[in-house]
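Trainee: Can you read through this structure? Questions will come right after.
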Amino acid sequence: MTLRTSPEVGGMGHAVKRKEDPRFIRGQGTYVDDIELPGMLYLDIVRSPYAHATIKNIDTSKALAIPGVLDVITGATLAQYNLHWMPTLMSDMQMVLPVEKVMYQAQEVAAVLATDRYTAADGVAAVEVAYEPLPVVVDPFKALEPGAPVLRTDKPGKTDNRIFHWEVGDKAATDRAFRDAAVTVKEDIYIPRIHVCSIETCGCVAQFDRVSGQLTVWMTTQAPHAIRTVFALVAGHVGLAEHKIRIISPDIGGGFGGKVPVYPGYVIAVAAAVLTGKPVKWIEDRMENLQADSFARDYHITAELAAQRDGTLTALRIKTLADHGYTDAAANPSKFPAGLFHICTGSYDFRAAHVEVDGVYTNKPPGGIAYRCSFRVTEAVHTIERMVDIMAHELQMDPAEFRKKNFIQPERFPYTSALGWEYDSGNYGAALDLAMHKIGYAELRREQAEKRQRGELMGIGISSFTEIVGAGPSKHFDILGIKMFDSCEIRIHPTGKVIARFGTKSQGQGHETTYAQILAEELGIPVADIQVEEGDTDTAPYGLGTYASRSTPTAGAAAAIASRKIRDKARKIAAHLLEASEEDLDWEPGKFFVKGSPERSKTIQEITFAAYTNHPQGMEAGLEAVSYYDPPNLTFPFGSYICVVDIDKGTGEVKIRRFVAVDDCGNIINPMIVEGQIHGGLTMGLAPALFEEISYDAQGNIQQGSFMDYLVPTAMETPNWETDKTCTPSPHHPLGAKGIGESATVGAPAAIANAVVDALWHLGVRHIDIPITPEKVWQCLRANGVTA
Ligand code: CDP
């Protein structure tokens with residue numbers, strides 16, 4: 001993540017779409033917004049200025065009087081087809097367009113269909129909506145108080161704003177461990193709402209062929225197959241069957257979890273295309289994307305740790321209030337309403353742990369997307385890594401030594417955590433040792449002590465995180481009932497050239513390169529002869545898509561398994577060609593040869609040609625294979641990050657002097673791509689640590705509605721990342737690989753926060769919520785009597 005497009009300046013409301021806006025100049029790219037079809041119509045959306053209000057009237061007359069405005073679609077229009085509500089990924093319901101009331105600021109209220117996008121924007125400005133404001137609930141704690149207005153009046157019998165209560169772990173054993181503990185620490189930690197802010201906003205082009213009944217939707221989605229199934233389930237009653245729906249996810253300018261949900265704009269565009277028989281384009285602008293699309297985090301956590309006096313951790317207890325906004329649209333596997341938050345025991349060996357999470361409705365846009373995070377792992381890691389640091393300081397132990405004392409030791413893997421996860425492999429001490437060596441930890445501690453004598457503020461923060469990525473296995477993981485596996489289909493043409501298709505969808509992670517590398521390695525066919533395709537439901541095998549760093553653990557494994565199926569058949573053909581028995585053949589990448597007679601060999605290209613021209617009698621022709629890979633377990637990548645900060649006593653500014661990141665994702669397929677994933681991920685970890693937050697005032701007005709206030713870090717704010725690696729292969733993955741896409745985003749914020757608190761601990765500071773802004777630090781310094 002580096003420099004982004006300029007922010008659109010303006011208050012709440014619809015952004016003014018100026019004709020000279022550079023986003024409207026067509027390039028020759030392959031993104032959704034590059035698609036122009038003859039006769040195409042454009043959709044733009046009227047949004048609510050209120051966070052909670054009854055809609056009294058929608059006057060469309062002025063908009064319809066504008067030449068080129070063809071229609072204004074309202075909730076009433078969609079209600080005729082029962083399409084005004086749709087299910088969320090957690091089987092809650094969300095509005096496509098409201099018929100009665102709006103539930104958050106910037107919610108879709110109506111959609112204008114016009115012959116060009118400028119006219120559509122003019123139409124939006126001319127739609128007049130009369131609202132009657134309702135009491136607004138912004139604070140999730142107040143939302144649960146008796147007498148709080150019940151927000152989901154659409155749910156018969158609902159008498160409060162609680163969505164779910166979920167708990168895991170042994171409560172009695174945990175309470176007992178706390179009673180017996182020599183030392184306990186407790187902290188309230190808030191992990192604020194943030195937004196993915198991918199460079200490309202969301203959008204689609206929907207085209208409906210009235211003759212064939214075929215719907216084609218080019219859309220910015222990370223999970224095209226799941227979307228097709230959802231469309232078929234939601235719109236089956238109006239005649240859209242799954243075999244008549246084609247979802248194409250072309251190049252995507254970043255997803256980070258934000259392009260997993262189905263947003264109302266997609267559905268309205270599809271409805272408009274079906275009703276008019278014309279292609280319809282809907283593209284969000286930057287402010288709509290920031291204000292209305294699903295958000296991440298928003299967890300209010302109270303965490304406690306118990307330990308013995310010698311520094312042995314014994315128990316973890318956590319209570320959490322999860323603000324989901326007006327509907328539970330979290331991108332979680334159905335079985336886990338709080339995602340994988342119960343990985344919160346982290347890299348440490350706890351005997352007892354207990355976690356409770358309550359989901360709450362408020363007047364905000366839906367939250368709970370897995371922002372570069374495997375379903376709440378970032379929240380879990382931030383909590384445990386902050387708490388471990390607090391406990392170490394409380395015990396006056398060095399935070400690195402404290403961690404090493406409590407790490408799950410290498411010989412304990414596979415390790416079952418107190419909250420039920422089976423960690424596949426790990427060597428946490430090795431990663432931390434390497435990070436400490438690389439940064440010169442002992443010397444930095446000496447420097448810190450000297451500086452403290454002189455009144456200077458320097459901090460060293462560690463985060464030794466464990467990730468959990470690669471959902472399935474399908475026995476535990478599904479999205480809306482669809483089991484989580486992933487797929488690869490390989491077809492080898494007679495001349496030895498390959499087309500391989502996958503159920504995942506890259507958004508810039510480089511799957512085209514890394515999947516081709518896996519196939520080249522497994523089949524001995526040059527990378528240049530391998531074509532990788534994803535994202536077209538008419539051609540790719542069914543899969544659950546790309547998010548939560550699941551592609552390598554699932555589809556990467558499927559690529560290896562499908563290749564091995566092909567190799568098995570190739571061996572039979574080679575035996576036939578060489579007039580040898582299969583058992584007498586050896587494989588080296590690219591050819592089979594007779595054991596002891598390497599000159600008697602057949603290359604994979606010769607074998608492939610024979611599969612179509614000279615295959616054994618009784619064998620089916622061709623060389624193809626498919627694998628739907630259901631992983632036996634998740635993979636557990638990990639890392640140790642160390643951050644060094646200097647704090648300006650005059651301004652409260654935090655300067656990151658050094659940041660060393662040691663990652664372990666098992667066997668690496670492409671080191672350069674992994675390095676890129678880590679660099680981008682670290683910057684996306686820096687962002688919430690120091691800059692980014694979405695908050696609301698008491699009326700539900702968003703306080704960071706544009707890039708003027710929502711501070712996305714650029715290259716200017718990003719420090720020099722120093723990276724290194726250890727390698728602990730996954731024992732169950734066919735390639736020994738673990739996912740890496742989100743590790744750095746998950747691990748980085750705690751290292752930065754721990755460094756800041758480490759610099760201020762001697763002043764009495766125990767915790768600062770992220771983002772750690774200069775103002776928060778300055779207030780802390782002043783509260784503790786420090787002046788410049
Ligand atoms: O699901 P997503 O692609 O976001 O995450 P991932 O599976 O962690 O992969 C991110 C990129 O890093 C892909 O191009 C992977 O093939 C590559 N990768 C790798 O080269 N070696 C690994 N051990 C893990 C990922």
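The values are calculated or read from the model by the stated rules, or taken from the named source; none is laboratory data. Source: prediction; values computed, not measured. With ideal geometry, Cβ positions are generated from the backbone for all residues, glycine too; neighbour counts draw on all protein chains shown. Remember, those area values only see protein heavy atoms, side chains included, never the ligands or the DNA or RNA. Shrake-Rupley method; radii C 1.70, N 1.55, O 1.52, S 1.80 Å.
Trainee: For region 455-488, list residues with backbone N below 19 Å from a point placed 7 Å from the Cα of GLU533 toward its Cβ?
Mentor: 487-488, by backbone N distance to the label point.
Trainee: Between VAL238 and TRP761, what is the FRET efficiency for a Förster distance of 56 Å, r being their Cβ-Cβ separation, to the nearest 0.05? Before the final figure, lay out the partial values.
Mentor: On the way: r = 62 Å, r/R0 = 1.10.
Taking R0 as 56 Å, the efficiency between VAL238 and TRP761 is 0.35.
Trainee: Quick one: pull the percentage of alpha-carbon pairs in region 658-788 with a separation above 20 Å.
Mentor: Numbers: 4824 of 8515 pairs.
The proportion of pairs with Cα distances above 20 Å equals 57 percent.
Trainee: Here's something else I'd like to know. Using the alpha carbon gyration tensor of region 493-576, what are the three equivalent-ellipsoid semi-axes (square root of 5 times each eigenvalue), largest first, in whole Å?
Mentor: On the way: eigenvalues 111, 32, 29 Å².
Working from the Cα gyration tensor, I get semi-axes of 24, 13, 12 Å.
Trainee: Students sometimes get this wrong: rank VAL150, VAL654 by accessible area, probe 1.4 Å, all chains present, largest first.
Mentor: Values: VAL150 45, VAL654 20 Å².
Ranked from most to least accessible, the order is VAL150, VAL654.
Trainee: Rounded to two decimals, what is Rg over Rh for region 172-221 when you use alpha-carbon atoms and the Kirkwood radius? Intermediate values should be presented prior to the final figure.
Mentor: Numbers: Rg = 26.4 Å, Rh = 17.1 Å.
Dividing the radius of gyration by the Kirkwood radius yields 1.54.
Trainee: If you bin the C-alpha pair distances of region 51-117 every 5 Å from 0, what whole percents do you get?
Mentor: So the P(r) values, bin by bin, are 4, 16, 22, 22, 19, 11, 4, 2, 0.
Trainee: With a 1.4 Å probe and every protein chain left in place, work out the accessible area per residue of the chain in Å², rounded to a whole number. Can you show the working numbers first?
Mentor: Values: 28190 Å² over 788 residues.
Here the residues of the chain average 36 Å² of exposed surface.
Trainee: By how many nm would the segment from ILE199 to THR714 grow when fully extended, if each residue of separation counts as 0.36 nm and the alpha-carbon distance is taken off? If you can, show how the numbers build up before the last one.
Mentor: Details: separation 515, 0.36 × 515 = 185.40 nm, distance 1.24 nm.
Extending this stretch completely gives an extra 184.2 nm.
Trainee: Calculated FRET efficiency, ASP209 and TYR31, Cβ-Cβ r, R0 25 Å, to nearest 0.05?
Mentor: Working: r = 23 Å, r/R0 = 0.92.
Result of the calculation: an efficiency of 0.60.
Trainee: With a 1.4 Å probe and every protein chain kept in, tell me what percent of the accessible surface of region 91-159 is carbon plus sulfur. Write out the running numbers ahead of the final one.
Mentor: On the way: 1570 of 2870 Å².
Roughly 55 percent, rounded to a whole number.
Trainee: Using the Kirkwood radius built from alpha carbon pairs, what does the Stokes-Einstein equation give as D for region 79-199 at 37 °C and 0.692 mPa s, in µm² per second?
Mentor: Values: Rh = 19.6 Å.
Value of D from the Cα-based Kirkwood radius: 168 µm²/s.
Trainee: In the structure displayed, which of LYS569/LYS738; LYS244/LYS505; LYS497/LYS738 lie more than 26 Å apart, Cα to Cα? Intermediate values should be presented prior to the final figure.
Mentor: Numbers: LYS569/LYS738 28 Å; LYS244/LYS505 21 Å; LYS497/LYS738 28 Å.
In this structure, LYS569/LYS738; LYS497/LYS738 lie more than 26 Å apart at Cα.
Trainee: State the Cα centre-to-centre distance between region 250-270 and region 281-329 in whole Å.
Mentor: 22
Trainee: Please calculate the 1.4 Å probe accessible area of ARG452, with all protein chains present, and give it to the nearest 10 Å².
Mentor: We get 80 Å² for ARG452.
Trainee: Just to be sure I follow: if Rg is taken over the C-alpha atoms of region 212-284 and Rh is the Kirkwood radius over the same atoms, what is Rg/Rh?
Mentor: On the way: Rg = 11.8 Å, Rh = 12.6 Å.
Ratio value, two decimals: 0.94.
Trainee: Another question about this same structure. Each label point is 7 Å from the Cα along the Cα-to-Cβ direction; what then is the distance between the points at TYR612 and VAL786, in nm?
Mentor: Between TYR612 and VAL786, the simple spin-label model gives 7.0 nm.
Trainee: Could I ask something else about it? Using 1/(1 + (r/R0)^6) with R0 = 30 angstrom and r between the beta carbons of ASN57 and SER695, what's the FRET efficiency to the nearest 0.05? Before the final figure, lay out the partial values.
Mentor: Details: r = 32 Å, r/R0 = 1.05.
The formula returns an efficiency of 0.40 here.
Trainee: Please give, to one decimal in nm, the separation of the simple spin-label points placed at THR603 and GLU187, each 7 Å out from Cα toward the Cβ.
Mentor: Here the modelled spin labels are 6.1 nm apart.
Trainee: Considering only the other residues whose Cβ falls under 12 Å of the Cβ of ALA232, what net charge follows from Lys and Arg at +1 and Asp and Glu at -1?
Mentor: Values: positive: ARG228, LYS244, ARG246; negative: GLU242.
Once all neighbours under 12 Å are counted, the net charge is +2.
Trainee: Moving on to the next point. Tell me, what % of the accessible area of region 183-277 is carbon and sulfur with a 1.4 angstrom probe? Walk me through the numbers before you get to the answer.
Mentor: On the way: 1620 of 2800 Å².
Here carbon and sulfur together make up 58 percent of the probe-accessible area.
Trainee: Per the 1.4 Å probe, what fraction of the accessible area of region 646-717, in percent, lies on carbon and sulfur atoms? Before the final figure, lay out each step's value.
Mentor: On the way: 1490 of 2720 Å².
Its accessible area is 55 percent carbon and sulfur atoms.
Trainee: Further, regarding this structure: State the Cα centre-to-centre distance between region 176-213 and region 44-58 in whole Å.
Mentor: Taking the Cα centre of each part, region 176-213 and region 44-58 sit 25 Å apart.
Trainee: If you average the C-alpha positions of region 496-532 and of region 619-671 separately, how far apart do those two centres end up, in angstrom?
Mentor: One Cα centre to the other: 21 Å.
Trainee: Rounded to a whole number of µm²/s, how large is the Stokes-Einstein D of the chain at 37 °C and 0.692 mPa s, given Rh as the Kirkwood radius over C-alpha pairs?
Mentor: Working: Rh = 27.8 Å.
This corresponds to a translational diffusion coefficient of 118 µm²/s.
Trainee: Moving on to the next point. Using a Debye calculation, one point per C-alpha and no hydration shell, please list log10 I(q)/I(0) for region 134-236 at q = 0.17 Å⁻¹ in order.
Mentor: Debye curve over Cα of region 134-236, log10 I(q)/I(0) at q = 0.17 Å⁻¹: -1.08.
Trainee: So, one more: Using 0.36 nm times the number of residues separating THR302 and LYS171, minus their current alpha carbon distance, what extension gain do you get?
Mentor: Details: separation 131, 0.36 × 131 = 47.16 nm, distance 1.55 nm.
Taking 0.36 nm per residue and subtracting the Cα distance, the gain is 45.6 nm.
Trainee: Related question: Largest first and in whole Å, give the semi-axes of region 477-624's equivalent ellipsoid, each being the square root of 5 times a Cα gyration tensor eigenvalue.
Mentor: Details: eigenvalues 197, 43, 36 Å².
Over the Cα atoms of region 477-624, the semi-axes work out to 31, 15, 13 Å.
Trainee: When only DSSP loop residues count, what GluC sites (Glu not before Pro) in region 555-651 have their Cβ near at most 13 other Cβ atoms within 10 Å?
Mentor: Here the sparse-neighbourhood loop sites are GLU579, GLU620.
Trainee: While we're looking at this one, here's another question. Take the Cα gyration tensor of region 167-299, multiply each eigenvalue by 5, square-root it, and list the three semi-axes largest first, rounded to whole angstrom. Can you show the working numbers first?
Mentor: Details: eigenvalues 377, 71, 24 Å².
Value: 43, 19, 11 Å, ordered largest first.
Trainee: Give me the Kirkwood hydrodynamic radius of region 657-732, using the inverse of the mean 1/r over all pairs of distinct Cα atoms, in Å to one decimal.
Mentor: On the way: mean 1/r = 0.0670 Å⁻¹.
Every distinct Cα pair counted, the radius reaches 14.9 Å.
Trainee: Rounded to two decimals, what ratio of Rg to Rh does region 450-536 give with C-alpha atoms and a Kirkwood Rh? Display every interim value, and only then the final one.
Mentor: Details: Rg = 22.1 Å, Rh = 16.9 Å.
Ratio of gyration radius to Kirkwood radius: 1.31.
Trainee: To the nearest whole percent, what portion of all C-alpha pairs in region 587-665 is separated by more than 18 angstrom? The partial results should precede the final answer.
Mentor: On the way: 2232 of 3081 pairs.
Counting every Cα pair in region 587-665, those more than 18 Å apart make up 72 percent.
Trainee: Using a 7 Å offset from the Cα along the Cα-to-Cβ direction at both ASP586 and ALA79, what is the distance between the two label points in nm, to one decimal?
Mentor: Computed distance between label sites ASP586 and ALA79 equals 7.6 nm.
Trainee: What are the principal axis extents of the Cα atoms in region 388-539, in Å, biggest first?
Mentor: Between the extreme Cα coordinates on each principal axis of region 388-539 lie 74, 36, 30 Å.
Trainee: Please list, by residue number, every one of the chymotrypsin sites (Phe, Trp or Tyr not before Pro) in region 158-234 that is coil in DSSP and has at most 13 other beta-carbon atoms within 10 Å.
Mentor: none
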